[in-house]
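**Student:** Please see the structure below; I have some questions.
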Amino acid sequence: MLILPIRTDRRLIRFAWVNTGLLLANFLMFALTHTDVFAVDPGRFDHWRFDPRNPSLYQLITYQFLHGGIWHLFGNMVFLHVFGPNVEDRMGKVGYLAFYLAGGVIAALGHAMASQMPVVGASGSIAAVTGAYLVLMPRTRVLIFYWLLFIIGFFEISAILLILFQVVQNVLFSVLPAHDAVAYEAHLAGYAFGFAVAMGMLRLRVLPRERDDLLSVLEHRRRRQQFKRAVERHGSPWEGSPTVSAGADPPAAVAAPPGGAAGTGGAGVPDPNREAVMQQRTKVFSLLGEHKMQDAAAAYLELLDLDDRQVLSQQAQLDIASQLMADGNHEAAARAFERFLETYPAYAQREQIELMAGLIYARYLSRPDRARELLERSMKRLRDNDSIQLARQTLDGLPA
């Protein structure tokens, strides 16, 4: 069965000049070493292979452009063509070239730790590229071509699944007692290098963060797990001390459309705060994009001081509300959840938001009436037993 990636669904911002140059260099070197077109003796390039028994520094670079056969070349160049341009787009031309060559160097050293056989090929460098792709763009979709006997077709798969499959396959082949001459250890060293470098570049902000990079995906999952644990936490529903009196007013209702700024006042009169509101909204989303959650939550509270009707997009509003909850600012968290509920009534997991808001009112804000209303409403749609039990336990503890 033949399976090959064809393209990804991520659009390029700039033409991948470096990646194209690498493709051409590999094809040219293959032509020099495997055909009679240039009347060159292929054996004269043997010393360009990386030989762990007699290594030279230049071999760490030259071996990356040699291939053992047409299928070796073809398989490598397909993956380089599919994944390389997007990584170059994110790293820049100079950074990408340095990263690619360094990946090949690390792959050669990884091979030398496991074998003393000479090695050729761009596989280690391309493994580094795909390892970086896994970190930078895990949620992109890859179009796959397959050929099984007389069946030919296409299907799509997420990049993270495809690349993880390749990694696991290399791990399995590397530990088999008798595997072929493929340098699987070099591949694994390349994957590890690409993954580690890309993660480091994101954490150090050498590369700008994106909402769909692997760090963002993991951080979002962590916040969702924290939210779920908070919702499903058992024990006394009266943990913690109330922060406002029993007679406090409920949060203000939402009057503005989702994500909209209050641009006009009554009868079309321009709002003098409109520019300040827009600037503050921009600041909130900028901080969210940089994953500075505490700063974003503080900026959101400043936004409400300018215009109490402001609501963010669904995920942004949830992230802010969860952060306020984590910070112990329960009153502000309740207001944020209330705005979400009023602005997004059709949200698929609305019952979980109602449960969280009800718990806040019951445990921290001493608002039994509002807590009861939200908890009873959530119980009509809750499905998992833990959440139902928590809601019922909290309701039973509310004063009559």
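The values are calculated or read from the model by the stated rules, or taken from the named source; none is laboratory data. As the structure is a prediction and not an experimental result, all values here were calculated from the model. Virtual Cβ from ideal backbone geometry, glycine too; neighbours counted across all protein chains shown.
**Student:** Exactly one of these conditions fails for residue 185: (1) among the charged types (D, E, K, R); (2) modelled with pLDDT under 70; (3) assigned by TED's automatic domain parsing to the domain that holds residue 112. Give me its number.
**Tutor:** Unmet for residue 185, out of (1) among the charged types (D, E, K, R); (2) modelled with pLDDT under 70; (3) assigned by TED's automatic domain parsing to the domain that holds residue 112: (2).
**Student:** Let me ask something else. Would you pick out the residues in the stretch 325-341 that are among the small types (Gly, Ala, Ser) and surrounded by fewer than 22 Cβ atoms within 10 Å (Cβ to Cβ)? Full working, then the answer.
**Tutor:** The initial filter retains those residues of the stretch 325-341 that are among the small types (Gly, Ala, Ser), namely 326, 328, 332-334, 336.
Of everything in the stretch 325-341, those that are among the small types (Gly, Ala, Ser) and surrounded by fewer than 22 Cβ atoms within 10 Å (Cβ to Cβ) turn out to be 326, 328, 332.
**Student:** Of the conditions (1) touching a residue at least 60 places away in the same chain (Cβ under 8 Å); (2) among the β-branched types (Val, Ile, Thr); (3) within 22 Å of residue 216 (Cα to Cα), residue 157 fails just one. Which one is it?
**Tutor:** With respect to (1) touching a residue at least 60 places away in the same chain (Cβ under 8 Å); (2) among the β-branched types (Val, Ile, Thr); (3) within 22 Å of residue 216 (Cα to Cα), residue 157 is out only on (1).
**Student:** Determine, yes or no, whether residue 62 is under 16 Å from residue 129 (Cα atoms) and among the β-branched types (Val, Ile, Thr). Walk me through it before giving the result.
**Tutor:** On the way: under 16 Å from residue 129 (Cα atoms): no; among the β-branched types (Val, Ile, Thr): yes.
Judged against the criteria, residue 62 is not a match.
**Student:** Moving on to the next point. Within the stretch 163-181, which residues are within 20 Å of residue 80 (Cβ to Cβ) and surrounded by fewer than 23 Cβ atoms within 10 Å (Cβ to Cβ)? Step through it out loud before you land on a result.
**Tutor:** Keep residues of the stretch 163-181 that are within 20 Å of residue 80 (Cβ to Cβ), which gives 163-167, 169-170.
Correct list: 164, 165, 166, 167, 169, 170.
**Student:** Also: Just one of the numbered conditions (1) more than 23 Å from residue 222 (Cα to Cα); (2) touching a residue at least 60 places away in the same chain (Cβ under 8 Å); (3) out of contact with any Pro (no Cβ under 8 Å at 6 or more places or on another chain) is not true of residue 386; which one?
**Tutor:** All conditions pass for residue 386, except number (1).
**Student:** One residue is enough: does the stretch 295-309 have a residue meeting the conditions more than 25 Å from residue 366 (Cα to Cα) and in a loop (DSSP other than H, G, I, E, B)?
**Tutor:** yes
**Student:** Still on this structure, I have one more. State whether the residues of the stretch 353-363 include one that is more than 27 Å from residue 286 (Cα to Cα), surrounded by fewer than 23 Cβ atoms within 10 Å (Cβ to Cβ) and either in contact (Cβ under 8 Å) with a residue 12 or more places away in the chain or among the acidic types (Asp, Glu) (or both). Don't jump to the end; show me each part of the working.
**Tutor:** If we filter the stretch 353-363 for residues that are more than 27 Å from residue 286 (Cα to Cα), which is where we start, we get 354-355, 358-363.
Adding the requirement that they be surrounded by fewer than 23 Cβ atoms within 10 Å (Cβ to Cβ) leaves 363.
Add one more test, that the residue is either in contact (Cβ under 8 Å) with a residue 12 or more places away in the chain or among the acidic types (Asp, Glu) (or both), and what stays is 363.
Yes, some residue in the stretch 353-363 is more than 27 Å from residue 286 (Cα to Cα), surrounded by fewer than 23 Cβ atoms within 10 Å (Cβ to Cβ) and either in contact (Cβ under 8 Å) with a residue 12 or more places away in the chain or among the acidic types (Asp, Glu) (or both).
**Student:** Sticking with this structure for a sec: At pLDDT 90 or above and either in the same structural domain as residue 295 (by TED's automatic domain parsing) or not hydrophobic (A, V, I, L, M, F, W, C) (or both), is that true of residue 333? Steps first, answer last, please.
**Tutor:** Numbers: at pLDDT 90 or above: yes; either in the same structural domain as residue 295 (by TED's automatic domain parsing) or not hydrophobic (A, V, I, L, M, F, W, C) (or both): yes.
It is true that residue 333 is at pLDDT 90 or above and either in the same structural domain as residue 295 (by TED's automatic domain parsing) or not hydrophobic (A, V, I, L, M, F, W, C) (or both).
**Student:** If you go through the stretch 136-159, how many residues are modelled with pLDDT of 90 or more and in contact with a helix residue (DSSP H, G or I) (Cβ under 8 Å, 6 or more places away or on another chain)?
**Tutor:** Looking only at that region, the number is 8.
**Student:** Further question on the same structure: Considering only the stretch 321-387, give the helices (runs of 4 or more DSSP H) lying wholly within it that have at least 1 residues that are of a type in the set (Asp, Glu), closer than 19 Å to residue 298 by Cα and out of contact with any Lys or Arg (no Cβ under 7 Å at 6 or more places or on another chain). Can you show your working first?
**Tutor:** Values: elements: 330-343, 350-363, 368-379.
Once the helices (runs of 4 or more DSSP H) in the stretch 321-387 are filtered for at least 1 residues that are of a type in the set (Asp, Glu), closer than 19 Å to residue 298 by Cα and out of contact with any Lys or Arg (no Cβ under 7 Å at 6 or more places or on another chain), what remains is 330-343.
**Student:** Then there is this: Answer yes if at least one residue in the stretch 218-230 is among the small types (Gly, Ala, Ser), modelled with pLDDT under 90 and not assigned by TED's automatic domain parsing to the domain that holds residue 112, and no otherwise.
**Tutor:** Restricting attention to the stretch 218-230, the residues satisfying the condition of being among the small types (Gly, Ala, Ser) are 230.
Filter once more, keeping what is modelled with pLDDT under 90: 230.
Still in the running and not assigned by TED's automatic domain parsing to the domain that holds residue 112: 230.
Checked the stretch 218-230: at least one residue is among the small types (Gly, Ala, Ser), modelled with pLDDT under 90 and not assigned by TED's automatic domain parsing to the domain that holds residue 112.
**Student:** Return the residue satisfying two criteria in turn: it lies in the stretch 115-135 and is modelled with pLDDT under 95 and among the hydroxyl-bearing types (Ser, Thr, Tyr), and of such residues it is farthest from residue 170 (Cα to Cα).
**Tutor:** Across the stretch 115-135, the extreme among qualifying residues is 115.
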